[in-house]
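**Q** The structure that follows is given in the form of structure tokens.
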Amino acid sequence: MANTKDILVPDIGDFTGVEVIEVLVAVGDTIRPEDPLISLESDKAAMEIPSPEAGIVKSIKLKVGDKVSEGDLMLTIETTAAAAAETPADKPAEKSVDKPVPAAPAPAKTAAPAEAKAAAPSAAPTVETRPPPVAPVNIDEAGFKLAHASPSVRKFARELGANLGKITGTGNKGRITPDDVKAFVKKVLTSGSTGGDFKVAPMPEIDFSQFGAIDIEPLSRINKLTGQVLHRNWVTAPHVTQFDEADITELEKFRKQLNAEHKGDGARVTVLAFLMKALVSALKEYPRFNSSLDATGENLILKKYVHIGVAMDTPAGLVVPVIRDCDRKSLIELANEVVETSVRARDKKLSPADMQGGCISISSLGGIGGTAFTPIVNSPEVAILGVSRAAMKPVYINDEFVPRLILPLSLSYDHRVIDGADGARFTSFLNKVLSDTRRLLL
Ligand code: CAO
């Protein structure tokens, strides 16, 4: 006989208000015990909630973006006699889908045994503790394929961005063990490529309310992730910032003319699109700026593509989506893509893939103000171009001061890869192409 049953969020450890990042079933789906129903993600862990029993999904009570806690209603299913026979009510749930990742740096939160919760559904979520983000590395797929390692070790290595092909196995018949992967990652982290043992004194815990009234506002997920990545980049890449000024008087005339010509079709070219074009030329002239250090810190990976990250200010925090193949796009195409991407960024529609693969980034604060700043390199990229507000300034030309529109540039670079002289050459080159846009055609 058919029976409708509510499926609740089971015991998910100490987590509450965890965001639903994926709903893995649809109304009408036939599900078996342990089939994953939803994925949750907190800042510490990602977990899949499996079904405690078999049945047919009748209704789904949550959606992506909802925040859930133990006991919240996820969905209703229709159980059948056949399904019930398949799932004895007292059968304790087993962890399913992926096995928990071994020994991640943060303390692993595991779900309490399902049978400990009489009232809660029996299935225990699969918890995967996330390591803090490390610099993405190029995985050598061929070496990875040939390596002698089990699926769980492969998964572990991939999550840490470790090249299995470079790891010597110490297990049975040379099999790579989880400890081998950990030892390899530890070696890379303590080598010159990603920094050493960087210890700072802990910040004392201060009760600010003793000094006056306060409010407490939790940081957004983007704030927290960005903070970790910026901190890592700041302490691992020795930064130098080269300041310069480009005369964009003629560029601005051309930009206004272009915008007047395209008034009807809605295209609007900002200074940013010209900067992207100028960067494409500069990266061709100075290919070392289009590179990344590999995981060992001993090789430079020189890229033949030009993908540019554009820092975007959104209500939820800073994001840096990547505009791909900038060398193959026109000024108008780049301008349109920046607008379209910034709308998606503000609507929280960007996926992690949209933020990957950048060669160099631009952080433009020109629409807001300021005369100069020191942007942080978006590692594993090796340089970032900061742009401040253009202003009319008197420039001494042919024995007289003439008013020119001057754009301040602040180029931060990773001094492990870029020498100071090249930093100055790079911004001088940018100045040249920005002051005379005909050079962008060369
Ligand atoms: N000097 C003077 N004016 C500028 C300028 C500059 N350098 N850059 C932009 N402007 C003008 C634009 O032309 C536009 O004016 P009009 O409306 O009259 O044409 C106005 O400022 C607003 O521009 P915008 O900011 O909307 O557009 P953009 O293409 O320049 O930038 C984007 C798009 C998404 C990069 C921007 O909106 C943004 O989010 N900037 C913040 C980036 C950030 O947070 N960086 C910090 C990261 S930490 O290092």
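The values are calculated or read from the model by the stated rules, or taken from the named source; none is laboratory data. Because the structure is a prediction, the values reported are computed rather than measured. Methodologically, a virtual Cβ is constructed for each residue, glycine included, from the backbone with ideal geometry; neighbour enumeration extends over all protein chains shown. Keep in mind that these areas ignore ligands, DNA and RNA; they rest on the heavy atoms of the full protein, side chains included. Shrake-Rupley method; radii C 1.70, N 1.55, O 1.52, S 1.80 Å.
**Q** Taking 0.36 nm per intervening residue step and subtracting the Cα-Cα distance, what contour gain separates Thr374 from Lys304 on full extension?
**A** Values: separation 70, 0.36 × 70 = 25.20 nm, distance 2.73 nm.
That works out to 22.5 nm of additional length.
**Q** How large is the Kirkwood hydrodynamic radius of region 159-309, in angstrom, based on all distinct alpha carbon pairs?
**A** Hydrodynamic radius (Kirkwood, Cα only) of region 159-309 equals 21.3 Å.
**Q** Now, a different point. On a full-extension model of 0.36 nm per residue, what is the gain between Ala316 and Asp179, subtracting their alpha-carbon distance, rounded to one decimal in nm?
**A** 45.5 nm
**Q** Skip the ligands, DNA and RNA, and give the accessible area per residue of region 240-441 with a 1.4 Å probe, whole Å².
**A** The answer is 49 Å² per residue.
**Q** Where the centre of each part is set by its Cα atoms, how far does region 321-349 sit from region 389-434, in angstrom?
**A** Here the two parts' Cα centres lie 25 Å apart.
**Q** Turning to a different aspect of this structure: Hey, what did region 240-441 get for relative contact order, percent, Cα under 8 Å, at least 6 apart?
**A** Reported as a whole number, the value is 29 percent.
**Q** Calculate, in nm to one decimal, what Lys187 and Phe211 gain on full extension: separation in residues at 0.36 nm each, minus their alpha carbon distance.
**A** That pair, Lys187 and Phe211, stretches by 4.1 nm at full extension.
**Q** Right, next: Just flag the trypsin sites (Lys or Arg not before Pro) in region 295-325 sitting in loop per DSSP whose Cβ has no more than 10 other Cβ atoms within 10 Å.
**A** In loop regions of region 295-325 (DSSP not H, G, I, E or B), the sparsely surrounded trypsin sites (Lys or Arg not before Pro) are Lys304.
**Q** On to the next question. List every residue whose amide H lies under 5 Å from the amide H of Glu22, counting only residues 5 or more places away in sequence or on a different chain, with H placed 1.01 Å from N in the peptide plane.
**A** Ser39
**Q** Kirkwood hydrodynamic radius for region 208-289: how many Å is it when counted over pairs of different Cα atoms?
**A** Values: mean 1/r = 0.0559 Å⁻¹.
After inverting the pairwise mean of 1/r, the radius is 17.9 Å.
**Q** Once R0 is set to 25 Å, what does the formula 1/(1 + (r/R0)^6) return for the Cβ-Cβ distance between Ile397 and Lys432, expressed as a FRET efficiency to the nearest 0.05?
**A** It comes out at approximately 0.95.
**Q** How about region 216-304: which GluC sites (Glu not before Pro) there lie in a loop by DSSP and see at most 13 other Cβ atoms within 10 Å? If you can, show how the numbers build up before the last one.
**A** Numbers: sites: Glu245, Glu250, Glu252, Glu261, Glu285, Glu298; in loops: Glu298.
Of the GluC sites (Glu not before Pro), the ones in loops of region 216-304 whose Cβ has at most 13 other Cβ atoms within 10 Å are Glu298.
**Q** Further, regarding this structure: Here are some pairs, Lys145/Lys329; Lys145/Lys284; Lys277/Lys393; Lys166/Lys329; Lys63/Lys329; which of them have Cα atoms lying more than 29 Å apart in this structure? Mind showing how you got there, number by number?
**A** On the way: Lys145/Lys329 35 Å; Lys145/Lys284 34 Å; Lys277/Lys393 24 Å; Lys166/Lys329 38 Å; Lys63/Lys329 37 Å.
Cα-Cα > 29 Å for Lys145/Lys329; Lys145/Lys284; Lys166/Lys329; Lys63/Lys329; rest within.
**Q** Additional query: Reported to two decimal places, what Rg/Rh ratio describes region 240-441 when computed on Cα atoms with Rh from the Kirkwood expression?
**A** 0.96
**Q** Work out from phi, with θ = phi - 60° and the Karplus expression 6.51 cos²θ - 1.76 cosθ + 1.60, the ³J(HN,Hα) of each residue of region 222-229, listed in order in whole Hz, and give x for Gly and Pro.
**A** Coupling constants for region 222-229: 5, 4, 5, 5, 4, x, 4, 5 Hz.
**Q** Related question: Rounded to whole Hz and in sequence order, give me ³J(HN,Hα) for region 413-418 from the Karplus expression 6.51 cos²θ - 1.76 cosθ + 1.60, θ = phi - 60°, writing x for Gly and Pro.
**A** Here the 3J(HN,Hα) series is 9, 7, 5, 6, 10, 10 Hz.
**Q** Right, next: Skipping prolines and chain starts, which residues have an amide H placed within reach, meaning under 5 Å, of the one on Val240, given they are 5 or more residues away or on another chain?
**A** Under 5 Å from the amide H of Val240: Tyr413, His415.
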